[in-house]
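Below: the structure, in structure tokens.
The values are calculated or read from the model by the stated rules, or taken from the named source; none is laboratory data. The structure displayed is predicted, hence computed values, not measured ones. Here the Cβ positions follow ideal geometry from the backbone for every residue, glycine too, while neighbour counts run over all protein chains shown. Please note that ligands, DNA and RNA were not included when accessible areas were found on the heavy atoms of the full protein model with its side chains. Shrake-Rupley method; radii C 1.70, N 1.55, O 1.52, S 1.80 Å.
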Amino acid sequence: MSDAELTATLPHYPFSFRGDVLAPALKQFLVHEPVTRVVTNAGAPAWLVTGYALARDALKDPRLSRSALSDPAMPQEDSGAPPFAVVGTMILLRRAGLRDEAVRGMSPRQQYVPLPRVRGIAEELLVAMAGRGSSGDLVEDFALPWAARVTCELLGLRPAVASEVSTWFGLMATGPLADRLLPTEWPASLSRLETWMDDLAETGLLPRLKQLNEASPHPLLPSEMLELGHMLTFSGLANPAAFLAACGLALARDPGLANRLREQPDLVPRMVEEVYRWAPLLGDSITRIAMEDLVIGGVQVRAGELVMISTDAANHDPAVFAEPERLDIDRDAAPHLRFGQGRHYCPAAALNQLQTEAALHVLLARLPNLRLAAEPPVTWRDHHSVLMPVAVPVHW
Ligand code: HEM
């Protein structure tokens, strides 16, 4: 069978852009074929890993490389999307000796945007939303501007650019949307950031890294510093915004749960932890290239093949999480894989958890009668690498 014939017969990944239920195809694969052959947006054949233990082990497996993805000769998940944000971040930071400082700046120890300030930003947004009437949209009025403002303060971008940064969520495009949008929009966003990087705030992770870079024996070039800033801006915006929207949607749909959290605010961390597990967030996958022949879950994978890991599916593995589709803040189960695993584990995981908790405390307090509006129904943005509703219409 030729490559073209083979890929024509394979299921096309991804299967859905909904972030509130796992795609039915992923549920099937999880149970019946936890390592399966699919075809990517770029038309490349790939292995898709869905089972929890297999996904966890694959994320930790040194034979599966992330850096090899930057080789254009390797099979790709997407043709139009730029080499995704996080791929090069740590390589650049390590080379210039800036890794430790950057990791500290993405951890709960950072003080660029302290938690009271994170809460304050949420307060401002929700007070403004409530001031406009008795209905609003938790995406455009809350999750996106909150993530953009928190990220700008963390990174040391001027507050005035936050509203433009929030529109960059649209650049997390995949598939046909990426092919259409990114050839012009990606370089345009880079050149905007270049201007902003010449006028950074006094404090923030980027000014700090810039300052240390000047003294580094292996300094990054200005173009690499720009790339780094770009990657961190997208990382700080996209997942945190989509995740806060997912939490907001879950609470607006379940007033009983919201009331329970109002009465027992110390349960908010459990809620956040469970939404990390429950909410699918990946419009793409976590990708790796096999550097040698290996066997995953009894399936032979050859050197040079693309391996895609669906942590969304893994987090719904019924062998590990009973009734996985149920959002249950009382469950005691294995840790979710939302932030990856092993050497690429997200350095901002603990910080995002605390910041999201802070934002949710404010949401619960400010909108005591939060409800999902019946109209318009919640729909999801197609062809984005991070799953996000178009809007979460609410009233209170
Ligand atoms: C809900 C929020 C977030 C989620 C779900 C998330 C998810 C992830 C995942 C799954 C990885 C591992 C990717 C892989 O294994 O290939 C990762 C890595 C990374 N994330 Fe996050 N992330 C979040 C927030 C952030 C934030 C706020 C930042 C920075 C401001 C950030 C910066 C990074 C960086 C730099 C890496 C690369 C780490 C490495 O290669 O060692 N993330 N993130």
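Here's a check for you: in the range 179-194, which residue that is open to solvent by 70 Å² or more (accessible area, probe 1.4 Å) and touching a helix residue (DSSP H, G or I) at 6+ places or on another chain (Cβ under 9 Å) is nearest to Ala148 (Cα to Cα)?
Step by step, filter the range 179-194, then rank; the result is Arg192.
Against the condition assigned to a loop (DSSP other than H, G, I, E, B) and within 14 Å of the ligand (Cβ to nearest atom), how does Leu157 come out, does it pass?
yes
Residue-wise test of (1) part of a strand (DSSP E or B); (2) farther than 28 Å from Ala250 by Cα; (3) open to solvent by less than 20 Å² (accessible area, probe 1.4 Å).
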| position | (1), (2), (3) |
| --- | --- |
| Ala4 | no, yes, no |
| Thr7 | no, yes, no |
| Gly19 | no, no, yes |
| Leu26 | no, no, yes |
| Ala46 | yes, yes, yes |
| Leu54 | no, yes, no |
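Checking Met172 against (1) on the phi > 0 side of the Ramachandran plot; (2) within 16 Å of the ligand (Cβ to nearest atom); (3) of a type outside the set (Lys, Arg); (4) out of contact with any Leu (no Cβ under 8 Å at 6 or more places or on another chain), which test does it fail?
Answer for Met172: the failing condition is (1).
For the range 221-232, give me each residue that is more than 14 Å from the ligand (Cβ to nearest atom) and in a helix (DSSP H, G or I).
Pro222, Ser223, Glu224, Met225, Leu226
Please go through the range 328-346 and give me each residue that is within 16 Å of the ligand (Cβ to nearest atom), part of a loop (DSSP other than H, G, I, E, B) and either in contact (Cβ under 8 Å) with a residue 60 or more places away in the chain or touching a Phe, Trp or Tyr at 6+ places or on another chain (Cβ under 8 Å) (or both), ordered by number.
Listed by number, the residues that qualify are His336, Leu337, Arg338, Phe339, Gly340, Gln341, Tyr345, Cys346.
Show me the strands (runs of 3 or more DSSP E) entirely contained within the range 233-313 in which 3 or more residues are within 15 Å of the ligand (Cβ to nearest atom).
286-290, 306-309
So, of the residues in the range 314-326 that are more than 16 Å from the ligand (Cβ to nearest atom) and of a type in the set (A, V, I, L, M, F, W, C), which turns out to be least open to solvent (accessible area, probe 1.4 Å)?
So the residue we want is Phe321.
Against the conditions (1) closer than 23 Å to Met225 by Cβ; (2) at pLDDT below 95, where does Ala162 fall short? Just the number, please.
(2)
Take the range 130-151 and flag every residue that is crowded, with 23+ Cβ neighbours inside 10 Å and free of Cβ contacts under 8 Å to residues at least 60 places away in the same chain.
Arg149
Quick one: is Trp196 assigned to a helix (DSSP H, G or I), of a type in the set (A, V, I, L, M, F, W, C) and within 22 Å of Ser223 (Cβ to Cβ)?
Criteria met by Trp196.
Can Ala365 be described as more than 14 Å from the ligand (Cβ to nearest atom), part of a loop (DSSP other than H, G, I, E, B) and either open to solvent by less than 30 Å² (accessible area, probe 1.4 Å) or over 25 Å from Val103 (Cβ atoms) (or both)?
Against the criterion (more than 14 Å from the ligand (Cβ to nearest atom), part of a loop (DSSP other than H, G, I, E, B) and either open to solvent by less than 30 Å² (accessible area, probe 1.4 Å) or over 25 Å from Val103 (Cβ atoms) (or both)), Ala365 does not qualify.
Of the conditions (1) at pLDDT below 95; (2) open to solvent by 10 Å² or more (accessible area, probe 1.4 Å); (3) not polar (S, T, N, Q), Gly170 fails just one. Which one is it?
Here Gly170 meets the rest and fails (1).
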